[in-house]
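Bear in mind that the values in this text are calculations on the coordinates, not laboratory data. In this text, all values refer to a predicted model and were calculated from it rather than measured experimentally. Cβ placement follows ideal geometry from the backbone for every residue including glycine, while neighbour counts extend to all protein chains displayed.
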Amino acid sequence: LTEARDQALATVIVERDAKTRFLESASHDLRQPLQAARMFLDQAERNPPGPQRDKAVDRLHWALDATDRSLTQILDHLRLDAGEVRAEARNIAIGPLLAHLTDVNTSQDMHSGTSMTAMPSRLRVSADPVLLERAIANYIGNALRHAAASRILLGARRSGAVVRIWVIDDGVGTVPADRETLFDDYVQGSDHGDALRGGFGLGLSSVRRLAVLMSGNAGLDARWTRGSAFWLELPAASD
């Protein structure tokens, strides 16, 4: 009885400390883009119409977009943590979805230096369309913002009753010591020194949670050594 109590207490302490780190990180990472937005707004107001003002306005949009992403990530995590998200499985064609996500992400100016390719696919999965798009988008966002990738490849392959959707990049890769915990809540991985590093360490953990909700799983193929190869495994659907 004493041992069980001690284990329960230790679990509570670990969860409390993790949530404390999350709140501290949320406060810090929300404050940063908001402070930047205030600075860029001031620059836009002080400069006459022209290149300097346009640059300040572009940076203001970037800062507000970063704030929006952070708030969305927090709300998504809280809803997942509370068990409020439900999956409604449908028959989804992988090819058009990957092509759509490629178009959406390559159309953003801030990612113009990264090439993204979606491999054609006739495969279909049984999944929730909204949750599936969110999960793949999290992988793509991770590669764009943190991996310093110049190329990203999206594809899918079937093995028996399941389909694996891949998001592969040629970025900085992962540190072997991080691989066991990359999909845990609040884990960001080692700092590679990129300027856009930050966030709450919830992107990959959300992918796995969303995958489980859709009767699937998510992971990293450690055999890929020229960047990172993340996968999302889901039940195959009929053509």
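Kirkwood analysis of the range 110-163, using all unique Cα-Cα pairs, places the hydrodynamic radius at 12.7 Å.
Where Lys and Arg each count +1 and Asp and Glu each count -1, what net charge lies around M214 among other residues with Cβ under 13 Å from its Cβ? Intermediate values should be presented prior to the final figure.
Values: positive: R86, R90, R134, R208, R209; negative: E88, D128, E133, E233.
Neighbourhood net charge equals +1.
With r defined as the distance between the Cβ atoms of R90 and R226 and R0 fixed at 35 Å, what FRET efficiency is calculated, to the nearest 0.05?
Numbers: r = 35 Å, r/R0 = 0.99.
Here the calculated transfer efficiency is 0.50.
Sorting the segments 44-52, 220-228 by their mean number of nearby beta carbons within 10 angstrom, highest to lowest, gives 220-228, 44-52. Rounded to the nearest 0.05, the FRET efficiency derived from the C-beta distance between A161 and H100 at R0 = 35 Å is 0.85. Multiplying the residue separation of R38 and R151 by 0.36 nm and removing their Cα-Cα distance gives an extension gain of 37.4 nm. Note on D68 and M119: their simple-model spin labels are 3.3 nm apart, each label 7 Å out from Cα toward Cβ.
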